[in-house]
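Inspection log for the structure reproduced underneath, given as structure tokens.
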Amino acid sequence: DGSVAVSLQSTIVARIGPGGLLGEMALLDQSPRAASAVAETDSSLLPINRGDFLSLVRSIPAFGVALLRALAQRLAQMNARKS
């Protein structure tokens, strides 16, 4: 539930709503977070640790495909912003 604004260098680059993902890049490559996230409305979030996350990717192929699709969409949005 709710809405979360994702920012890079104080610029909102995405708004994540119900069913959305955030923080997955840090779970994948264990890098420092590239963006900041701030709840814009009361929000319910489901935290997940890296082990459980990787287990989901391995055991539910559709989850992995959805994750890749979301990452590709974000990359396309970021590239469009640069143009």
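Just name the residue that is nearest to L45 (Cα to Cα) out of those in segment 1-16 that are of a type in the set (A, V, I, L, M) and in contact with an Asp or Glu (Cβ under 9 Å, 6 or more places away or on another chain).
Going through segment 1-16, the residues of a type in the set (A, V, I, L, M) turn out to be 4-6, 8, 12-14, 16.
Applying the additional criterion that residues be in contact with an Asp or Glu (Cβ under 9 Å, 6 or more places away or on another chain) yields 4-5.
On the way: V4: 10, A5: 13 Å.
In this case the residue turns out to be V4.
Being part of a loop (DSSP other than H, G, I, E, B), among the hydroxyl-bearing types (S, T, Y) and surrounded by 13 or more Cβ atoms within 10 Å (Cβ to Cβ) is a property that S31 lacks. Listed by first and then second residue, the pairs with beta-carbon distance under 6 Å, at least 6 apart or on different chains, first residue in segment 39-58 and in a helix (DSSP H, G or I), second open to solvent by less than 70 Å² (accessible area, probe 1.4 Å), are R50/L27; F53/L27; L56/F63; V57/G64.
For segment 7-27, check the following and say yes or no: at least one residue is in contact (Cβ under 8 Å) with a residue 60 or more places away in the chain, among the small types (G, A, S) and at negative phi.
In the first step, residues of segment 7-27 are kept if they are in contact (Cβ under 8 Å) with a residue 60 or more places away in the chain; the result is 13-14.
Applying the additional criterion that residues be among the small types (G, A, S) yields 14.
If we keep only those that are at negative phi as well, we get 14.
The answer is yes; a qualifying residue exists.
Per-residue answers, yes or no, for (1) under 19 Å from D1 (Cα atoms); (2) out of contact with any Phe, Trp or Tyr (no Cβ under 7 Å at 6 or more places or on another chain); (3) at pLDDT below 90:
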| site | (1), (2), (3) |
| --- | --- |
| S36 | yes, yes, no |
| A39 | yes, yes, no |
| L45 | yes, yes, no |
| R50 | no, yes, no |
| S55 | no, yes, no |
| R58 | no, yes, no |
| F63 | no, yes, no |
| L75 | no, yes, yes |
| K82 | no, yes, yes |
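Selection of segment 7-28 for residues being modelled with pLDDT of 90 or more, under 18 Å from A66 (Cβ atoms) and surrounded by 10 or more Cβ atoms within 10 Å (Cβ to Cβ) yields I16, G17. Looking only at segment 59-76, how many residues end up being more than 21 Å from P32 (Cα to Cα) and in contact (Cβ under 8 Å) with a residue 12 or more places away in the chain? Residues in segment 59-76 being more than 21 Å from P32 (Cα to Cα) and in contact (Cβ under 8 Å) with a residue 12 or more places away in the chain: 0 in total.
Residues in segment 30-44 that are within 12 Å of G17 (Cβ to Cβ) and touching a Leu at 6+ places or on another chain (Cβ under 9 Å): A39 only.
Filter segment 63-83 down to residues that are open to solvent by 70 Å² or more (accessible area, probe 1.4 Å) and farther than 16 Å from A14 by Cα and give me whichever is nearest to the chain's Cα centre (by Cα).
L68
The values are calculated or read from the model by the stated rules, or taken from the named source; none is laboratory data. What you are looking at is a predicted structure, and each value in this text was computed from that prediction instead of being measured. When we count neighbours, we look across all protein chains shown, and the Cβ atoms used for this are built from the backbone with ideal geometry, even at glycine. We work out accessible area using only protein heavy atoms, side chains counted, and drop any ligands, DNA or RNA first. Shrake-Rupley method; radii C 1.70, N 1.55, O 1.52, S 1.80 Å.
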